[in-house]
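The values are calculated or read from the model by the stated rules, or taken from the named source; none is laboratory data. Everything numeric here is computed off the predicted structure, so don't read it as measured data. Cβ atoms come from the backbone with ideal geometry, glycine included; neighbour counts cover every protein chain shown. Accessible surface areas use protein heavy atoms only, side chains included; no ligands, DNA or RNA. Shrake-Rupley method; radii C 1.70, N 1.55, O 1.52, S 1.80 Å.
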Amino acid sequence: ARFCKGYSMKMDVPRGRRRQIVLWTGTLIIWCVLSANAPWLLARFCKENPIVHVHKHTMEKEWVRNAVSARNVTDVRVLVMQTCGHGKYEPLLRTTRIANERWAAKHGYDYLSVTGVYEGGREWLSTFNKGFMIAEAMNTSKYDLVFYMDSDAMVTNDAWDVRALPEVRGVMLAAHPGSNFGPWDINAGIMLWDLRNPLAAAIIGEWTKRCSRALKDGGEGDPGTDDQALLHHTLRDHLLGVGFNGTDDGTRAGRGAAAALGVVAVLPSRGSVQHYLRPVATDWTGDSVTGRLKDARKDLANIKF
């Protein structure tokens with residue numbers, strides 16, 4: 001009524017009541033805004049190890065940010081990440097993350113845990129999470145290095161520092177060798193990515209694009225179509241595209257040549273990271289978790305940090 005031209009009316013609502021309505025409406029608006037942005041606000045303003053929970057459908061993200069992670073003593077920002085689906089692997093993740101989170105905190109790294117599935121509906125499809133998680137870290141531009149571990153991997157040497165590995169300096173990706181078919185044949189269960197490498201954005205982008213395509217094309221019913229094989233293809237295509245001699249296969253010379261090109265190298269983590277591998281590599285059921293969980297808990301009990 002106050003702003004209408006040529007029209008006047010008397011408000012029937014008492015002045016005190018009007019103020020109360022305005023106050024409650026404003027409070028409701030502020031609450032909605034804060035609720036929608038709570039994880040970002042916590043991460044932005046909390047100063048000491050805030051734990052940020054983010055739920056997206058049935059997927060749960062948990063960030064543990066360290067006060068010194070923004071710029072630590074080496075001026076290198078590191079994110080440690082793990083993931084699994086809802087189900088049999090959750091107890092394994094809850095066990096290994098205890099040591100991994102302590103180790104990350106000691107060195108001033110941030111830690112990210114994701115439980116659930118980024119794309120698709122079946123639990124085993126959480127294996128595809130790692131590519132999407134690494135891509136997200138790349139897109140934030142907040143981190144220089146990403147150290148990814150499957151839920152069945154655990155750091156057992158607290159002195160090991162991913163920022164101090166001269167063997168992989170200048171290389172985009174460092175990981176354990178796979179079946180020796182070529183330097184691109186790696187075990188994607190433990191990987192160190194250097195997001196500062198000029199190759200990283202294109203290769204991570206291509207890898208995740210192939211993952212999404214495989215899932216849309218029926219990956220949910222074919223455990224043989226996994227993210228590791230798609231990463232192998234992506235790395236191989238790039239190496240052959242820049243003149244790598246494919247006949248070198250997985251020999252020491254071949255891996256050395258791939259490292260010299262700044263693409264992929266062997267991760268020096270022997271004695272520092274324990275990987276509790278499946279007895280049968282093609283078994284995606286999770287039935288072998290019980291034995292591996294027992295081994296992980298035994299090692300965890302002996303860890304002093």
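Looking only at residues in the range 88-98 that are open to solvent by less than 10 Å² (accessible area, probe 1.4 Å) and not β-branched (Val, Ile, Thr), the one that is nearest to the chain's Cα centre (by Cα) is Leu93.
Report yes if some residue within the range 181-204 is modelled with pLDDT under 95, surrounded by fewer than 20 Cβ atoms within 10 Å (Cβ to Cβ), on the phi < 0 side of the Ramachandran plot and among the basic types (Lys, Arg); otherwise report no. No, there is no match, as no residue in the range 181-204 is modelled with pLDDT under 95, surrounded by fewer than 20 Cβ atoms within 10 Å (Cβ to Cβ), on the phi < 0 side of the Ramachandran plot and among the basic types (Lys, Arg).
Against the conditions (1) part of a helix (DSSP H, G or I); (2) over 16 Å from Thr96 (Cβ atoms); (3) open to solvent by less than 20 Å² (accessible area, probe 1.4 Å), where does Lys130 fall short? Just the number, please. Against the list (1) part of a helix (DSSP H, G or I); (2) over 16 Å from Thr96 (Cβ atoms); (3) open to solvent by less than 20 Å² (accessible area, probe 1.4 Å), Lys130 comes up short only on (2).
Exposed (fewer than 14 other Cβ atoms within 10 Å of the Cβ), among the polar types (S, T, N, Q) and at pLDDT 80 or above - does that describe any residue in the range 279-287? There is no residue in the range 279-287 that is exposed (fewer than 14 other Cβ atoms within 10 Å of the Cβ), among the polar types (S, T, N, Q) and at pLDDT 80 or above. Scanning the range 243-257 for residues that are at pLDDT 85 or above and of a type in the set (A, V, I, L, M) gives a single hit, Ala257.
When Glu136, Glu101 are checked against the criterion of being closer than 21 Å to Arg297 by Cα, open to solvent by 20 Å² or more (accessible area, probe 1.4 Å), free of Cβ contacts under 8 Å to residues at least 60 places away in the same chain and assigned to a helix (DSSP H, G or I), a single residue qualifies: Glu101.
In summary, Val78 fulfils each of the numbered conditions (1) surrounded by fewer than 18 Cβ atoms within 10 Å (Cβ to Cβ); (2) under 24 Å from Leu165 (Cα atoms); (3) not small (Gly, Ala, Ser) with the single exception of condition (1). Tell me yes or no: at least one residue of the range 144-159 is touching a residue at least 24 places away in the same chain (Cβ under 8 Å), within 20 Å of Gln274 (Cβ to Cβ), in contact with a Ser or Thr (Cβ under 8 Å, 6 or more places away or on another chain) and of a type in the set (Val, Ile, Thr). Yes: one or more hits.
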